[in-house]
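For reference, the structure discussed in these notes is given below.
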Amino acid sequence: MEFTLLWAAFTAVGFSWLGIRLWSDRLPDHPLDRIIGAAVGGLFVGRLVAMMLQGINPLTNPLDILIVRGGVHTGAAAIGAIVAYLWAAKWNLAHLDATAPAVVLGLAGWHGGCLWRGACLGTASNLPWTWAEPGSAVTRHPVELYAALGLMAAAWLVSRLPWRLLTRAGTALALVGLVRLLTEPMRPSLTGGPVGWYLAAVVVGGLVVWLGPKLDKRLATQST
């Protein structure tokens, strides 16, 4: 049985746990359980969408849902995770801000988990810190480690932002999209990767940051 994906998932959970310890202010109860539940929900949605796009009927092939290596739709997984988290949080938007740094750090852990999966390397490069696959003389960018470092920096930056409604959540979404967008050219891909989704994350994240304070004022007016 292949356990490398499992170890990578454990690494992501461990990083999220560390983020919760580092940035515990205003967190809801059972924050790690909420993050894991949202991740599982997003993974489920992303897998279903990927299967349907591949022409596989989830109703007639339910066991294929478990074959995560068969593909997970990036955008659908992200949307599914956010909706699952908000549903569990009873649509309290402020919980997104409180959890955002730990979530981004968890994503850094997932990318760093490439070390367990043997899947860190991307396009060829002769830079001093690159390395080659076993049996190959071609050195390559450790692109997944670049992404992990970028996401760690993003998590720290988000944790330093002020407590304005959706400022942290929107910035986190934009920075995650930006890190993936900047590292995507170093990933070997026949299709170029889901660049459109990463661009959408940057744009939507910026809009969320802009709209958050306005929404906060409206909610405050309605409550008085």
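The values are calculated or read from the model by the stated rules, or taken from the named source; none is laboratory data. Here the structure is a predicted model, which means the values were calculated and not measured. Here Cβ is always computed from backbone atoms with ideal geometry, including for glycine, and neighbour counts include all displayed protein chains. Heavy atoms of the whole protein, side chains included, go into the accessibility calculation; ligands, DNA and RNA do not. Shrake-Rupley method; radii C 1.70, N 1.55, O 1.52, S 1.80 Å.
Report, ordered by the first and then the second residue, all pairs with beta carbons closer than 9 Å, sequence separation of six or more or different chains, a first member in segment 43-65 that is more than 25 Å from TYR85 (Cα to Cα) and among the polar types (S, T, N, Q), and a second member that is part of a helix (DSSP H, G or I) and open to solvent by less than 40 Å² (accessible area, probe 1.4 Å).
Partner pairs satisfying both residue conditions: GLN54/GLY70; ASN57/MET51; ASN61/MET51.
Under the condition of being open to solvent by 60 Å² or more (accessible area, probe 1.4 Å) and closer than 18 Å to GLY193 by Cβ, which residue from segment 99-124 is farthest from the chain's Cα centre (by Cα)?
That would be ALA124.
Sort out which residues of segment 182-198 are open to solvent by less than 90 Å² (accessible area, probe 1.4 Å) and in a helix (DSSP H, G or I), and write them in order of number.
The answer is THR183, GLU184, MET186, VAL195, GLY196, TYR198.
For segment 135-147, indicate whether the set of residues that are modelled with pLDDT of 95 or more, part of a helix (DSSP H, G or I) and either surrounded by fewer than 20 Cβ atoms within 10 Å (Cβ to Cβ) or at positive phi (or both) is non-empty.
Yes: one or more hits.
When you go through (1) outside any helix (DSSP H, G or I); (2) open to solvent by 70 Å² or more (accessible area, probe 1.4 Å); (3) more than 29 Å from ASP216 (Cα to Cα) one by one for ASP25, which number turns out not to apply?
Checking ASP25 against (1) outside any helix (DSSP H, G or I); (2) open to solvent by 70 Å² or more (accessible area, probe 1.4 Å); (3) more than 29 Å from ASP216 (Cα to Cα), the one that fails is (3).
Do we have LEU127 as in a loop (DSSP other than H, G, I, E, B) and surrounded by fewer than 17 Cβ atoms within 10 Å (Cβ to Cβ) here?
When the stated conditions are applied, LEU127 passes them.
Go through (1) open to solvent by 70 Å² or more (accessible area, probe 1.4 Å); (2) part of a helix (DSSP H, G or I) for LEU59 and report which single condition fails.
In the conditions (1) open to solvent by 70 Å² or more (accessible area, probe 1.4 Å); (2) part of a helix (DSSP H, G or I), LEU59 misses (2) alone.
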